[in-house]
Amino acid sequence: MINNFSKTKSLNRLALKKINAGGNTLPVNCNRLCGNAGGVISNTPGVGDVCSPDRKICCICL
């Protein structure tokens, strides 16, 4: 364990973005945003109970 820890290094923002972009992204939908309760997509862009980080999808949670 200590051997592995000594091999770690701090990553800058650019390196972290490359790591995050490299994986499979989960689809954004109201079930994922609202949790188990679910929800419906808002007809008004940018308005709702919860939105995706890029605000392309907003949901009204049930």
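Please treat every number below as a calculation from the coordinates, not as lab data. Not measured: the values here are computed from a predicted model. Note that we place each Cβ from the backbone using ideal geometry, even for glycine, and neighbour counts take in every protein chain shown.
Side notes on the structure shown:
- In this simple spin-label model, placing a label point 7 Å from the Cα along the Cα-to-Cβ direction at both Ser52 and Leu11 gives a separation of 2.2 nm.
- Remark on Val50: its backbone amide H falls under 5 Å from those of Cys59, Cys61, a criterion applied only to residues 5 or more positions apart or on other chains, H modelled at 1.01 Å from N.
- Fully extending the segment from Val40 to Val28 would add 3.1 nm, taking 0.36 nm per residue of separation and subtracting the current Cα-Cα distance.
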